[in-house]
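J.: Let me begin by handing over the structure; questions about it come next.
The values are calculated or read from the model by the stated rules, or taken from the named source; none is laboratory data. Bear in mind that the values here come from a model prediction, so they are computed numbers and not experimental data. Cβ sites come from the backbone with ideal geometry, for glycine too, and all protein chains shown count toward neighbours.
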Amino acid sequence: MSTDLTVNGRAARVTAEPTTPLLDVLRNELDLKGARYGCGLEQCGACMVLVDGEPVFSCAREVGTVAGHAVTTVEALDGHPLRQAFLDEQAGQCGYCLTGILMSAKALLDRAPRPGRDEIVAALDKHLCRCGTQYRIIRAVERAAARLADGAGR
C-alpha cells in the first residue's frame, strides 16, 4: 500500500500503512528529522508540522489523513527570517522543542504578519519548553515579524 503526499512542495510516495503516524513517515521514510517525538500524546508540540498551513501534531496524525494536503516541515524554513531571529535572540537552549515552535510561529506569521505579544503567546501556548527561554522565543517571533514587514522575504 502506498500514500501520495506533498511534503515541502515536493511529491512523495510512501509505503507505510495509512494508519502510520505522520511523524514516523517523515522521519523514517522521508529522512526529515526536524519534527521530533516528544510525548506521543499531542501535548508537547515537538512534533508540530503544518498541514495546509495549519499547525498539527504529527505524532498521532495518521499519514493517510494528509494525502492530498500540503505538509510543511521545519526543513522548508531554510532562509526564512524566523530561523535567523531565533539565532539572534538565542531563543533555544537544548533546542528539542524549537522545531515545533518554529512551525507554529510560521503559521502565525503567515496569517497575522504583525502579531501582538498576546497573539504570539496564544499561538505558542500548546508547546512545552523547559529551558526557560520563552521570553527570548517571543522576542524572536517579534523580530522575524519585523524583518518580514521590512521585506526580508518569506
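J.: Here are some residues: 120, 137. Which one is of a type outside the set (D, E, K, R), closer than 15 Å to residue 90 by Cα and either buried (at least 19 other Cβ atoms within 10 Å of the Cβ) or touching a strand residue (DSSP E or B) at 6+ places or on another chain (Cβ under 8 Å) (or both)?
T.: Numbers: 120 fails: closer than 15 Å to residue 90 by Cα.
From the options 120, 137, the qualifying one is 137.
J.: Select, from 53, 45, 9, 34, the only residue that is touching a residue at least 12 places away in the same chain (Cβ under 8 Å) and more than 16 Å from residue 104 (Cα to Cα). Don't jump to the end; show me each part of the working.
T.: On the way: 53 fails: more than 16 Å from residue 104 (Cα to Cα); 45 fails: more than 16 Å from residue 104 (Cα to Cα); 34 fails: more than 16 Å from residue 104 (Cα to Cα).
The conditions single out 9.
J.: Failed condition for residue 127, given (1) buried (at least 22 other Cβ atoms within 10 Å of the Cβ); (2) without any contact (Cβ under 8 Å) to a residue 40 or more places away in the chain, with all others met?
T.: Residue 127 satisfies all of (1) buried (at least 22 other Cβ atoms within 10 Å of the Cβ); (2) without any contact (Cβ under 8 Å) to a residue 40 or more places away in the chain except (2).
J.: With respect to residue 64, determine if the residue is in contact with a strand residue (DSSP E or B) (Cβ under 9 Å, 6 or more places away or on another chain), under 28 Å from residue 6 (Cα atoms) and either part of a loop (DSSP other than H, G, I, E, B) or assigned by TED's automatic domain parsing to the domain that holds residue 32 (or both).
T.: When the stated conditions are applied, residue 64 passes them.
J.: Quick one: which of 50, 23, 30 is at pLDDT 95 or above, touching a Leu at 6+ places or on another chain (Cβ under 9 Å) and buried (at least 17 other Cβ atoms within 10 Å of the Cβ)?
T.: Numbers: 50 fails: touching a Leu at 6+ places or on another chain (Cβ under 9 Å); 23 fails: touching a Leu at 6+ places or on another chain (Cβ under 9 Å).
The unique qualifying residue is 30.
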